[in-house]
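Okay, so here's the structure we're looking at.
The values are calculated or read from the model by the stated rules, or taken from the named source; none is laboratory data. Just so you know, these numbers come straight off a predicted model, no measurement behind them. Heads up, the Cβs are rebuilt from the backbone with ideal geometry, glycines too, and the neighbour counts pull from every protein chain shown. Heavy atoms of the whole protein, side chains included, go into the accessibility calculation; ligands, DNA and RNA do not. Shrake-Rupley method; radii C 1.70, N 1.55, O 1.52, S 1.80 Å.
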Amino acid sequence: MASKDRILRQKEETRNNILGAAYDIVKDEGWNGLSMRKIADRIEYTAPIIYEYFSNKEAILEELTGKGFVKLTKELQAAIDKFKKPEDQLEAMWMTYWDFAFTNTEMYQLMFGVQMTCCAQRCSAQEGPYKLFTHVIAEVMKDSNPSQDIIKQKYFTFFSVIHGLIAINIINKSDILETINAQILKDAIGGIIKSIQ
């Protein structure tokens with residue numbers, strides 16, 4: 001039984017090494033630089049071993065996308081947990097979302113298709129951030145008893161503004177633009193929160 005557990009641990013470790021190598025390559029060379037051959041070279045395995053774990057590059061991208069959404073969900077939950085009032089939670093969540101995009105830029109690009117094609121397959125982890133945001137938006141709006149469609153609409157209002165600012169900053173890196181957009185971000189979040197209270 002112990003050897004079976006050891007084999008499972010080794011397989012999981014190899015799988016994580018493959019994903020880690022893939023992400024390291026992307027940080028060094030961008031998403032266009034990623035290939036199964038480069039991953040194999042990075043971790044000193046043969047390409048066929050990589051294919052034992054992932055059928056193709058798209059499968060690696062799907063796995064990394066899922067991990068990105070899990071990480072973002074955890075960070076958003078931590079932002080919620082810091083505040084009691086839903087308005088404060090919502091502001092903290094969007095600021096966390098912004099920070100996530102620039103702390104994990106390559107991951108964000110993959111998750112949302114900024115300057116690259118995101119995965120065709122949807123993963124269940126994608127629902128995590130959406131559910132947290134819509135729950136808190138519903139709490140902010142509870143006095144008006146909003147429908148699910150209205151809550152969804154308000155979420156996409158936030159998402160459109162904030163994702164747009166993030167994409168502009170990722171595509172056109174500039175210290176001046178970053179400062180201006182940080183102020184626009186705070187103004188936008190505050191304005192939208194006031195409009196839904």
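Here are some notes:
- Estimated [θ] at 222 nm from DSSP helical runs (n ≥ 4, -39500 (n - 2.57)) normalised by residues in the chain, nearest 500: -26000 deg cm²/dmol
- Shape category assigned to segment 50-154 from the gyration tensor of Cα positions, a/c cut at 1.5: prolate
- Which label in (1) 9, 35, 35, 13, 5, 2, 0; (2) 8, 30, 30, 19, 10, 3; (3) 8, 27, 21, 16, 12, 9, 5, 2, 0 gives the computed P(r) over Cα pairs in 10 Å bins from 0, in percent: (2)
- Shape of segment 1-113, Cα gyration tensor, a/c cut at 1.5: oblate
- Considering only Ile25, Asn56, Ser160, and ranking their Cα positions along the charge dipole of the chain that arises from unit charges at the beta-carbon of Lys, Arg, Asp and Glu, the one farthest toward the positive end is Asn56.
- Residues of the chain: accessible area per residue with a 1.4 Å probe, Å²: 57 Å²
- In this structure, the residue pairs whose Cα-Cα separation is over 30 Å, taken from Lys38/Lys131; Lys38/Lys186; Lys57/Lys82; Lys84/Lys154, are Lys38/Lys131; Lys38/Lys186; Lys57/Lys82.
- Within the assembled protein chains, the solvent-accessible surface assigned to Thr105 is about 20 Å², based on a 1.4 Å probe.
- Here the accessible area is traced with a 1.4 Å probe on the protein chains. For the chain, carbon and sulfur cover 51 percent of it.
- Crossing angle, helix 175-196 versus the chain [Cα axis fit, 0-90 degrees, rounded to tens]: 60 degrees
- Taking the chain and dividing mean pair separation by its residue count, relative contact order in percent (alpha carbons under 8 Å, at least six apart): 18 percent
- Applying 1/(1 + (r/R0)^6) with r as the Cβ-Cβ distance of Glu13 and Asp88 and R0 = 35 angstrom yields a FRET efficiency of 0.30.
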